[in-house]
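The values are calculated or read from the model by the stated rules, or taken from the named source; none is laboratory data. Everything numeric in this text was worked out from a predicted model, so none of it was measured. Ligands, DNA and RNA are stripped out before the accessible areas are found, and what is left, the full protein with its side chains, is counted by its heavy atoms. Shrake-Rupley method; radii C 1.70, N 1.55, O 1.52, S 1.80 Å.
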Amino acid sequence: MPDKFSFDLAVRKIARERKWTIKKTAWFCGVSTSTLRQLMESQHTYISTIEKYAAKFNMSTIGFIQKGQREW
């Protein structure tokens, strides 16, 4: 996985596109706000976690990864 991927960025972009708060995004994913924030603050994200959240947002894994690509 490229180092340029950010789970935090992917979730924030999706929430912004859907005009959701982090609280509503966590509710939609079926997790607590603190759990979602911990995942967003994590330095490393497992591919299984990425696949799980991509499915929750009804996106392909590649689409989710593209949302989280940092542009330098």
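Things to note:
- Whole-number D in µm²/s for the range 29-72 (Stokes-Einstein; Kirkwood sum over Cα pairs; 4 °C, 1.567 mPa s): 116 µm²/s
- Choice from E51, E41, E17 with maximal GNM fluctuation in the chain (Cα, 10 Å cutoff): E17
- Dividing the summed -39500 (n - 2.57) terms of all DSSP H runs of n ≥ 4 by the residue count of the chain sets its mean residue ellipticity at 222 nm at -18000 deg cm²/dmol.
- Note that the range 6-72 presents 68 Å² accessible area per residue, ligands and nucleic acids not counted, probe 1.4 Å.
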